[in-house]
Amino acid sequence: MLELKNVSKTVGAEVHIHPCDLVLQRGTLNVLLGPTLSGKTSLMRLMAGLDKPSGGSIHFDGKDVTGLRVQERNVAMVYQQFINYPALSVYENIASPMRIAGKDAATIDREVRKAADLLKLTPYLERTPLNLSGGQQQRTALARAIVKNASLVLLDEPLANLDYKLREELREELPRLFAASGAIFVYATTEPSEALLLGGNTATLSQGRITQFGPTIEVYRRPVDLNTARTFADPPLNIIELTKRGGQFLRQDVEAFAVPAHLAHMADGPATIAFHPHHLALAPAAPGAQRVPVRTLISEITGSESFIHVDFAGVRWVMLEHGIHDIEPDRAIDIYLDTRHLMAFGPDGAAIAAAPAAAA
Amino acid sequence: MEKTWNNKAWFLVLPVLVLVAFSAAIPLMTVVNYSVQDTFGNNQFFWAGTDWFTEILHSPRFWDALLRNLIFSLVILAIEIPLGILIALNMPKKGLGVPVCLVLMALPLLIPWNVVGTIWQVFGRVDIGLLGHTLEALGIDYNYVQSPTAAWITVIVMDVWHWTSLVVLLCYAGLVSIPDAYYQAAKIDGASRWSVFRYIQLPKMNRVLLIAVLLRFMDSFMIYTEPFVVTGGGPGNSTTFLSIDLVKMAVGQFDLGPAAAMSIVYFLIILLLSWVFYTVMTSGDAQA
Amino acid sequence: MARIDLDHIRHAYGPRPTSAKDYALKEVHHEWNDGGAYALLGPSGCGKTTLLNIISGLVQPSEGRILFDGVDVTHLPTEKRNIAQVFQFPVIYDTMTVYDNLAFPLRNRHVPAAEIDRRVRDILEMIDLSHWADRKARGLTADQKQKISLGRGLVRNDVSAILFDEPLTVIDPHMKWVLRSQLKKLHRQFGFTMVYVTHDQTEALTFADKVVVMYDGEIVQIGTPAELFERPSHTFVGYFIGSPGMNVLPARVDGSQVTIGDQVLGLDHAPDIGSAAKVELGIRPEFVRLGREGMPVEIAKVEDIGRQKIVRARFAGQPLAIVVPEDGEIPTDARVRFDPAAISIYADSWRVGKEA
């Protein structure tokens, strides 16, 4: 179990990490999700012991490891860049942490072959990393992290430099690898979809703060504040400022739409309403869908789905619709909002009442 | 980025600290010690205060030598830096030409100072030297033993021949680190050859040029061996630089006090000028 | 803007290519429309960057010709081809201001100052860097720098084509959305001929009118996003486009009957598979219906990815991916049906049409 207690990091006058608490259990996969410079790498460096926290303490299995150097901790790290020993074969690359640990030759051989098999590297064991594709190089780095048998494995955007399709395949393999060892895995990414595909737990980061931590799908469905909701949305979240008055959400005193049941208890007054693009549709598919008149901007088609950018009362929204819909720009159309999934946030950005579990 | 505190690090740098202490710090202290005392031999010393400094700073001999040094360094920089950049720009970026050029460029750097001096001394002699004799035959009046101008030209040409390669190699290293995409983008943007140099190559060479200028300045300001071997500081005092004067004073005349005071002044001047160069050349970074 | 003709182009990096294997780019013979937005999509090493470099003039093709509006430019250097290009990593002029960076290509071409100012201000507005106009470009973040690179590619309006080489690699996901739709809008507005190289299907499909899918040095399909999705002409297209990709199951075809393992499906036509050694059935996960009726299936794992669920199952001994909507239910004793209109039959990896 890794515990961060009130850990912070400042460099000069700059705050890299605001005081934060985080508890990661053994055998879990934990995603750090946030945009570039949100503090993901800083937090990982603190966890690894590469940097010393400016305040707070770090505990591993109850033991205070705050001042302990990285060499004295049992940590493995994989980076965005493919880092391998260029002069060594893939076999020796994978074997290197065990050689340093002084394992016997038979154990090394067994472990290397097991890891190579797991990561589909067996045919390339005799090659040097520079003669491999990017995906194979990164798999070599991953294999090295696995055989190290570390209790904490840190992966800093490990798939960012790989081809899209390869990413998809490795993403599927990774949770399987994680499940096999009892280590704590921490995985940093900028992509919400990657977090969702990996599952596990997610901590959302924004400007050096951990805004929320919990099971990935929970954080996605029930973000605690607008910032978290925004961080955890791809395609981007649709947001609109409204005023609640009785059973209606008003915009400039014109009814935008009716307040759905799960938000009925909300106090009257200004609120920020947000929802995901796939909760807008061209046809009233869901019961209780609310008709919304919009003006179309542009359509993007991905084959299975279309992203239709629309303008509602001066606010730009994206609608994600199944199938192919190449709608002419600058046309007035009616679309339908599935209000059961609306999220509401108060003026301070905190979630007022998220969608109840029954509707999700 | 702040690193974990590690006491072992001190043990690792200890040998260097000891070496620096014995090779730089302690001799420097000795020099400071000499500069404020007088001696008539027999290891007897008398307190002299700042007298030696006053004497040095009021001696025309010192100021003449200093001026010669400054002129020499500025001429050297004005020739070697642009020439070095020019050669580096025209060196091949790939293929068999690269190692060939690099070896050719490194050759002068491998030759010891005094050998360079000797080579040029012989090369330039009017009676037996190839260069001197050829120039003589062409009717050009060239004799570094008699003409101060010829002596200066010889020393400058020697230094340029010896040290331009260093500038070339540094600039070349800077140039090859520029990704191809920059050149492609510049072509697409319709940039002229000059624009490519001005906006891509020069900014990317900024760092190495700083090193090149500092190294060449400090080195040329301390020039000793070449003029000593070739001209011995002459004809007259025309190529007597500070370093030569210093040695004459300390070893030739055994004036340890004034020599020590002069070395300190000399040292401070180099420090000051290097700082000026550094500040001027890095001021662009601070704005960004 | 120009029409681009690729006339029997082949390229090999080594000298004297003898067999097809020696070519990094196998024969490409296509005509690309004036004002079209094309995306070259494929995994690394598929030849897409080679093809882009042939168009930009950084690489001379070993064989064939390239024409802009009917004019042979095969032997013209890059700077004479009148194109703009945006690279994968930001290329900026460090010592210039943001404004001067954008004005640079125009000043080099002696565009009048007033015109330069107008265009640069437009672009600054578009890439949202108006407030940074007078800042030195050196101190900016990677994605701001890349926005400058994009802006420099878009600032000229007289180019034959604008080429993009994976331009959004260093951009954060949220900014990608903004920039992508701005590019699309710009294309609508000005009708530039655009060629966009990427390995990211979302980028390719949302950006382009026509997507050129490349695999192993060959163009395997050129089509609209819808065509690629609904009728992938090669199993590679099926796999590469869509996430998860198309399910490709080994099959046997007898007339209009398809057999997969112990399951038999009827088709509305008899595909002509000829004497193909390998016959496969392709069905996208979006067109597999999970319910209480149909063929038996064994569910291994359900991945809830928010807006939909991906069900990993085994069907007739083969892995099968199924996409279920956010609110869709997964019955305990689940069965599957394939949408008959969405089934494709592949003979030796190439699609066999209905008409055949």
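Read-outs: derived from the displayed coordinates by stated rules, not from any lab. Not measured: the values here are computed from a predicted model. Here the Cβ is made from the backbone with ideal geometry for all residues, glycine too, and neighbour counts use every protein chain on show.
For the residues of B:178-187, the average number of beta carbons from a partner chain within 10 Å of their own beta carbon is 6. This ranking places C:Glu115, A:Glu168 by how few other beta-carbon atoms lie within 10 Å of each, fewest first, which gives C:Glu115, A:Glu168.
Relative to the longest principal axis of the Cα atoms of chain A, helix A:134-147 runs at roughly 70 degrees. The angle between the Cα long axis of helix C:113-126 and the main principal axis of chain C comes to about 30°, on a 0 to 90 degree scale.
Of the Cα atoms belonging to the protein assembly as shown, the radius of gyration and Dmax stand at 35.9, 119 Å. Please work out the Cα center distance from the range A:64-126 to the range A:166-198, rounded to the nearest Å. After rounding, the separation between the Cα centres reads 19 Å.
Percent of Cα pairs in the range C:4-230 per distance bin of 10 Å, from zero to the largest separation: 8, 32, 35, 19, 5, 0.
At what distance in angstrom do the alpha carbon centres of the range A:315-330 and the range C:219-293 lie from each other? A separation of 28 Å, based on Cα centres. Sequence-ordered 3J(HN,Hα) estimates for the range B:243-249 from the Karplus curve with 6.51, -1.76 and 1.60 and θ = phi - 60° stand at 5, 5, 4, 4, 5, 4, 5 Hz, glycine and proline given as x. Check the straight Cα-Cα distances from C:Lys185 and name the lysines below 23 Å, setting aside those fewer than 8 residues away within the same chain. Leaving aside lysines fewer than 8 places away in the same chain, those within reach of C:Lys185 are C:Lys145, C:Lys147, C:Lys176, C:Lys210. Kirkwood hydrodynamic radius computed over chain B comes to 22.3 Å, based on all pairs of distinct alpha carbons. Neighbours of B:Val116 by Cβ distance under 11 Å: Lys/Arg scored +1, Asp/Glu scored -1, total -2. Over chain A, what is the relative contact order in percent, taking alpha-carbon pairs closer than 8 angstrom and at least six residues apart? That works out to 15 percent.
Classification of the range C:202-356 by its C-alpha gyration tensor yields an oblate form. The axis ratio a/c (a ≥ b ≥ c) is 1.5 or more, and b/c is at least a/b. Working from Cα pairs under 8 Å separated by at least six residues, relative contact order for the range C:210-350 is 23 percent. Our note on the geometry: Cα centres of the range C:46-115 and the range C:327-356, 44 Å apart. Rounded to whole numbers, the Karplus 3J(HN,Hα) couplings from phi for the range A:13-18 are 8, 8, 8, 8, 10, 6 Hz, using 6.51 cos²θ - 1.76 cosθ + 1.60 with θ = phi - 60°, and x at Gly and Pro.
When each of the peptides C:143-153, A:113-123 is scored by the mean number of other C-beta atoms lying within 10 Å of its residues, the order from highest to lowest reads C:143-153, A:113-123. Sequentially through the range C:181-188, phi angles give Karplus couplings (6.51, -1.76, 1.60; θ = phi - 60°) of 6, 5, 4, 4, 5, 4, 5, 4 Hz, Gly and Pro residues having no value and appearing as x. Neighbouring Cβ atoms from other chains, within 10 Å of the Cβ of residues in C:224-233, number 4 on average.
For the range A:238-349, taking Cα atoms only, Rg and Dmax work out to 14.0, 42 Å respectively. Which net charge results for the neighbourhood of A:Lys114, defined as the other residues with beta-carbon distances under 15 angstrom from its beta-carbon, given Lys and Arg at +1 and Asp and Glu at -1? In short, +4.
Take every pair of alpha-carbon atoms less than 8 Å apart whose residues are at least six positions apart; their mean separation over the length of the range B:61-287 yields a relative contact order of 27 percent. Ranked for footprinting exposure by Cβ neighbours inside 10 Å, fewest first, B:Val230, C:Val59, A:Val254, A:Val315 give A:Val254, A:Val315, C:Val59, B:Val230. Among C:Ser19, A:Ser206, B:Ser263, the ranking by other beta carbons within 10 Å of each residue's beta carbon, starting with the fewest, stands as C:Ser19, A:Ser206, B:Ser263.
Ordered from longest to shortest, the equivalent ellipsoid semi-axes for chain A are 45, 25, 16 Å, each the square root of 5 times a Cα gyration tensor eigenvalue. Legend: mean number of C-beta atoms from other chains within 10 angstrom of residue C-beta atoms, peptide A:159-166, equals 5. As I understand it, the value is the acute angle between the Cα axis of helix C:98-108 and the longest principal axis of the Cα atoms of chain C; what does it come to in degrees, rounded to 10? That helix lies at roughly 80 degrees to the long axis. Taking every full run of DSSP H in chain B, the ones that stretch at least 15 Å from end to end by Cα along their long axis and average -1.0 or higher on the Kyte-Doolittle scale are B:8-20, B:60-90, B:97-110, B:113-124, B:148-176, B:202-221, B:256-287.
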